[in-house]
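Comments concern the structure below.
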Amino acid sequence: MDLPTPEDLRERRNELELTQSELAEHADVSQPLIARIEGGDVDPRLSTLRRIVNALDEAEGGIIRARDVMNSPVVSVEPDDSVHQSKELMDEKGYSQVPVIRDGSPQGLIGNSAIRQRSEENVGELPVAEVMHESIATVEPDATIDEVDAYLNHNAAVMVVEGGRTVGVITEADIARTVS
């Protein structure tokens, strides 16, 4: 991974016609810190550098955030709902999976594959909590699409959570639609 040099940062800021103060405000750092970084007087922490680069990307219009691609409002079921109810909802909406949410907080996902894995004859009568996958990924609405994509490499969906409440859901299809 190539990190930008102080000269790279200054050049990019100038190309975007941003002042050091404007960049500092967008990156949530101080203007003197921007000046010291651009002057090569200080070696910033990676997290600080990431905030500066993200601010430059946003100024350029190049960053897509979770809030930009999430599906909202979230169609979901509760852990106590029956598997049959969740399957009916998925069929009605044309979804292969739905989030399981209790009091606004994500609990897991239930999908067709999880239902098929249960070989019991009366699986439809079971509560969703007994069939759902509890492993879920969550991000804040301002997470970058790259962060969301990394989670989707290991999860069927990513829940977008703000203040402890689920405000959106993102799947591979949403990322593909955005990229194309």
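The values are calculated or read from the model by the stated rules, or taken from the named source; none is laboratory data. Because the structure is a prediction, the values reported are computed rather than measured. A quick note on method: Cβ atoms are made from the backbone with ideal geometry, for glycine too, and the neighbour counts reach across all protein chains shown. Note: accessible area is taken over every heavy atom of the protein model, side chains too, but ligands, DNA and RNA are not part of it. Shrake-Rupley method; radii C 1.70, N 1.55, O 1.52, S 1.80 Å.
Structure notes:
- Any chance residue 111 is touching a residue at least 40 places away in the same chain (Cβ under 8 Å) and either open to solvent by 70 Å² or more (accessible area, probe 1.4 Å) or touching a His at 6+ places or on another chain (Cβ under 9 Å) (or both): yes
- Some residue of region 88-106 being open to solvent by less than 20 Å² (accessible area, probe 1.4 Å), part of a helix (DSSP H, G or I) and either modelled with pLDDT under 95 or not basic (Lys, Arg) (or both): yes
- Pair list, Cβ < 9 Å and 6+ apart or interchain, from region 138-162 residues that are part of a helix (DSSP H, G or I) to residues that are acidic (Asp, Glu) and open to solvent by 10 Å² or more (accessible area, probe 1.4 Å): 145/68; 149/172; 152/172
- Here 99, 127 are screened, and the one residue that is within 30 Å of residue 54 (Cβ to Cβ) and in contact with a Pro (Cβ under 7 Å, 6 or more places away or on another chain) is 99.
- Across region 115-138, the qualifying residues are those that are within 23 Å of the chain's Cα centre (by Cα) and farther than 21 Å from residue 66 by Cα, and the one among them that is modelled with the lowest pLDDT is 134.
- Residue under evaluation residue 141, criteria (1) at pLDDT 90 or above; (2) surrounded by fewer than 15 Cβ atoms within 10 Å (Cβ to Cβ), criterion not met: (2)
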